[in-house]
Every structure is written in structure tokens, then in C-alpha cells.
Amino acid sequence: MTCPEGLDRIDLVGITATGHHGVFEHERRDGQTFVVDVSLGLDFSAAADSDDLTATVDYGAVAQHVHDVITGDPVDLIESVARRMLDWCLELGPVRWASVTVHKPEAPIAVPFHDVSVTTERSKQ
């Protein structure tokens, strides 16, 4: 799924923090790095025309919320982390579509790997 045609897009790439999410005790105890990418689809033409932040999405606030979810209450699955972030993004007034990818580059996997991630995307109805 990609941003629906006719929408503008705001992307935040590589928001990084330490979180304590995971099914294993050592993940909860020691924490690990999580990296998040967020894409928001909206019409920001009114903001572009007026140069008014209130007519768009404050991406600083989005970044802070993502950081707060990463560092907040632990859950077992990165799918749950991603969904918490996505649901919040879709509540932002002008957002019509959102995509959130949560990367867990230090996941406890027994074979060499570069990254593991989950992506969730939704549109407002």
C-alpha cells in the first residue's frame, strides 16, 4: 500500500530510541534500539498557501509521540508498538492515511541479519 493519489506526504525517517519491548526477559530488562519510520498522507495545500503550521501536522509532535511510545510501557510484539503509533497518527485531524514501520535491528535472532521490521498502514474511511 502506498499513499493514496492526490495526497501530499510527510515522512519521518529513522526516529531512534531505546525501548524494552520483547517476549524475552532480557529484552525487557536490558532494552534495545528501535528505529521507526512514519509516513503521513494529507492535503497540506492550505498550509503551503498560508504558511500556517496549524493547517498541517506538526512533525515534531509526531516524532515526540513515536519516541514516547518506544520508551514507554513495554509490550511483547513490535506489531503492538507499530499499531499504537499508527492509531495515534490517524487521529490527527488532517491525516487521511498513515504508514508506520518499526525496525528492531538487535532482535534476538540466531542467524546473521541486518534488520527485522514490521509495517502497518491504514486509511481513514
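Evaluated with a Cβ-only charge set (Lys, Arg +1; Asp, Glu -1), the chain carries a dipole of roughly 320 debye about its Cα centre, given to the nearest 20. Put simply, the Cα atoms of the chain extend 51, 25, 24 Å along their principal axes, the longest span coming first. A dipole drawn for the chain from +1 and -1 charges on Cβ atoms has a positive end, and of Thr119, Ala46, His21 the residue lying farthest that way is His21.
Comparing Tyr59, Gly72, Gly6 along the charge dipole axis of the chain, the residue lying farthest to the positive side is Gly72, per the Cβ-charge model. Can you grab the distance from the C-alpha centre of segment 34-70 to the C-alpha centre of segment 8-27, Å, no decimals? Cα centroid to Cα centroid, the span is 17 Å. Test of understanding: in a Gaussian network model of the chain with alpha carbons linked when under 10 Å, which of Val57, Val111, Val23 would top the mean-square fluctuation ranking? Maximum among the listed residues: Val111. Springs join every pair of Cα atoms under 10 Å in this Gaussian network model of the chain, and among Ile15, Ile78, Ile109 the largest mean-square fluctuation is at Ile109.
In terms of accessible area, using a 1.4 Å probe and ignoring ligands and nucleic acids, Glu5, Glu121, Glu27 rank largest first as Glu5, Glu121, Glu27.
The values are calculated or read from the model by the stated rules, or taken from the named source; none is laboratory data. None of the values given here were measured: they were computed from a predicted structure. So basically every Cβ, Gly included, is an ideal-geometry build from the backbone, and we count neighbours across all protein chains shown. To get the accessible areas, we keep the full protein, side chains included, count just its heavy atoms, and leave off ligands, DNA and RNA. Shrake-Rupley method; radii C 1.70, N 1.55, O 1.52, S 1.80 Å.
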